[in-house]
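Structure record follows, encoded as structure tokens.
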Amino acid sequence: MRELPVRRRILADHLFKGIIVLLSFACILPMFFILFFIANKGVSVINWEFLTQLPKPVGEVGGGILNAILGTLILIAVATLLSVPIGVLAGIFLSEYKKGRLVYFVRLSIEILQGIPSIVIGIIAYVWIVVRVGSFSALSGGVALAMMMLPIIITAAEETLKLIPDSLREASLALGVSYPRTMLRVVLPAGLSGILTGILLSVARVAGETAPLLFTAFGSPFLNVNILKPVNTLPLMIFNYATSPYPEWHRLAWGASFVLIVFVLGVNLFTKLVTRRWKVQF
Amino acid sequence: MLEQDTKDISIELEYPMGMLKDSGTADFLTKVHARVKARWKSGFSESSFRKVLYAAGICMLVLLVAIFLSLVIAAFPAIRRFGLGFFSGTTWDPVKGEFGALPFAVGTLIVSFLALIISVFLSIPTSIFLGEYFKTGALSTFIKSVIELLAGIPSVIYGFCGLFLLVPAVRALEVELNVPPYGVGIFTSALVLSVMIIPYSAAIGREVIGLVPSDLKEAALSLGATRFEVIRKVILPYARSGIFAGILLSLGRALGETMAVTMVIGNSNILPMSIFSPGNSLASAIANEFTEATGHLYLASLIELGLVLFIVTTVINVLGKVIVRQMGVGG
């Protein structure tokens, strides 16, 4: 290799560091653009009526997003109810049995599940539920979201439970407590904060999902609490209104985006603080 | 123990069985109830608890297989009708019943790889920044958190902002360049997508760069290498396969991303001729047409697009995860 003068090498070093720092900051710029843009356009839309009224037909001023907020909550509730029990059990399974061919394949399938594009999950929920039931429904949307939550919850439960020291369970077993009781009453509560964090993160992740809901929850302009009927959700509403040609609907979409982003980022920040303070540690 | 429990409980039991008093049903019910209650009280036995755990684990395996099989079955009419010609057909015409996926496949590939190239220029410097220059400290924590939040923003919001911020900008650029000023199109979606996938490759890149043994770096530094030379000659070669895996995983994300792409790609079923022309990706075609699909074959063809997406992303993800695991990083 040809020797370069030291001065040039030092210059290159400084230059490189400068470029790295510059590009790293360029990386976080979009985040601020998006936040600023949404806040700028969204905040002015938000008022009490916006949060408590139903959307109005095209041409009328005003209207709110109550149906979408309610629909989002219903879908999250359905998805959480479906995914948490089996997710936590599968998490215990993976933390308890670390070796073996079956465990390897189970772990692999969870990783694959995590990578499935959300639109494909939507197709599955459509084929499994919408076709059988015969109509779009909140239930089918909830099933789709549950499938997306499962891998996150399982991974969180597994990682947390692995951190619980063996001495804890050995103490419980030595006192004559049965194995299932030890797992459910001693080990699981010890890792509760980690599991709850995983559940919250998965909720934050699916709350903004649109693709799997396009042909499952479908959307509806009415207030609906029946889980066998279509419901509207915030992301669906944003998508439909943003791609519509009406400025009034765009305004509603900005407001809905603001509500959604506050919810999603709020849950994310909350879980971060929670994990820092109540970390599972021994 | 169990027997004991059962007896105790059946004595305690008080059934409202006035109307059932003389029949054998009451007896039977009492027994069943007692058993269930005893079972509940003593908890599951160890073996049945283990069975439940195994069932939950196997459920995931079954779920995956069921997803794959359902896709294949639902797409079967299209698979039988078009065979491999599905991937080379350039016309997608629901009216005539002709379905060729080439425009979507090409659209997906161009958008994803363009996005990948753009995002690599941002994510690798960020990995170096976080993994080498500023490993700890307030600045590092700040940038790390912002990038993590970037992954948390819903894709529909990326699409919305892209539609109102980026599309006018790209349209102005297209006027400058003298190409048809659609605004929406492949280039715009690639830009939006490139921002969305930064967090995935940056996170893994940071970890593998942080894992480079310090004695290697110190050896190079003690020989008089500058930091830049250490990064170029020691760190990057050492972390190469891990960085590659991160890029692969973000490619998996990019291929399957639906909403943001759907909103800014322009939805044209014609084979894209330049990076500024509108197009469609596999995912955006499904999102746009699925609810309007009339007819068995149309729906099956759309589901076959989903099947292709599923297989491709699965292969890429598994490959990425295998490499990451070999590097010894928690992906």
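Residues in segment B:134-152 that are free of Cβ contacts under 8 Å to residues at least 12 places away in the same chain and within 8 Å of another protein chain (Cβ to nearest Cβ) were compared, and the one that is nearest to A:Cys27 (Cα to Cα) is B:Val146.
For segment A:258-278, does any single residue satisfy the condition of being more than 8 Å from every other protein chain (Cβ to nearest Cβ), under 18 Å from A:Leu54 (Cβ atoms) and in a helix (DSSP H, G or I)? Within segment A:258-278, one or more residues are more than 8 Å from every other protein chain (Cβ to nearest Cβ), under 18 Å from A:Leu54 (Cβ atoms) and in a helix (DSSP H, G or I).
Within the group B:Val111, B:Val120, B:Val192, which residue is of a type in the set (Val, Ile, Thr) and either at the interface with chain A (Cβ under 7 Å from one of its Cβ atoms) or surrounded by fewer than 24 Cβ atoms within 10 Å (Cβ to Cβ) (or both)? Testing whether each residue is of a type in the set (Val, Ile, Thr) and either at the interface with chain A (Cβ under 7 Å from one of its Cβ atoms) or surrounded by fewer than 24 Cβ atoms within 10 Å (Cβ to Cβ) (or both) leaves just B:Val120. Annotation note: of B:Ile247, B:Ile275, the sole residue that is more than 14 Å from the chain's Cα centre (by Cα), assigned by TED's automatic domain parsing to the domain that holds B:Ser301 and not polar (S, T, N, Q) is B:Ile275. Among the residues of segment B:127-135, are any surrounded by fewer than 16 Cβ atoms within 10 Å (Cβ to Cβ), part of a helix (DSSP H, G or I) and either modelled with pLDDT under 95 or not small (Gly, Ala, Ser) (or both)? No - not one qualifying residue is present in segment B:127-135.
Screening A:Leu54 against (1) surrounded by fewer than 17 Cβ atoms within 10 Å (Cβ to Cβ); (2) touching a Gly at 6+ places or on another chain (Cβ under 9 Å); (3) at pLDDT 90 or above leaves a single unmet condition, (3). Restricting B:Tyr200, B:Tyr182 to those that are among the aromatic types (Phe, Trp, Tyr), in the same structural domain as B:Ile316 (by TED's automatic domain parsing) and under 20 Å from B:Ala285 (Cβ atoms) reduces the list to B:Tyr182. Going through (1) more than 11 Å from every other protein chain (Cβ to nearest Cβ); (2) in contact (Cβ under 8 Å) with a residue 24 or more places away in the chain; (3) β-branched (Val, Ile, Thr); (4) part of a helix (DSSP H, G or I) one by one, A:Ile154 falls short only on (1). Taken as a whole, segment A:207-222 holds at least one residue that is among the charged types (D, E, K, R) and either assigned to a loop (DSSP other than H, G, I, E, B) or closer than 24 Å to B:Ser281 by Cβ (or both).
Residue-level check: of (1) more than 9 Å from chain B (Cβ to nearest Cβ); (2) surrounded by 24 or more Cβ atoms within 10 Å (Cβ to Cβ), A:Thr210 misses just (1). Residue count for segment A:101-146 under the criterion of being buried (at least 16 other Cβ atoms within 10 Å of the Cβ), in contact with a Leu (Cβ under 8 Å, 6 or more places away or on another chain) and not in a helix (DSSP H, G or I): the result is 2.
The values are calculated or read from the model by the stated rules, or taken from the named source; none is laboratory data. Predicted model only: the values in this text are computed from it and were never measured. For neighbour counting, all protein chains shown are included, and Cβ atoms are generated from backbone atoms with ideal geometry for every residue, glycine included.
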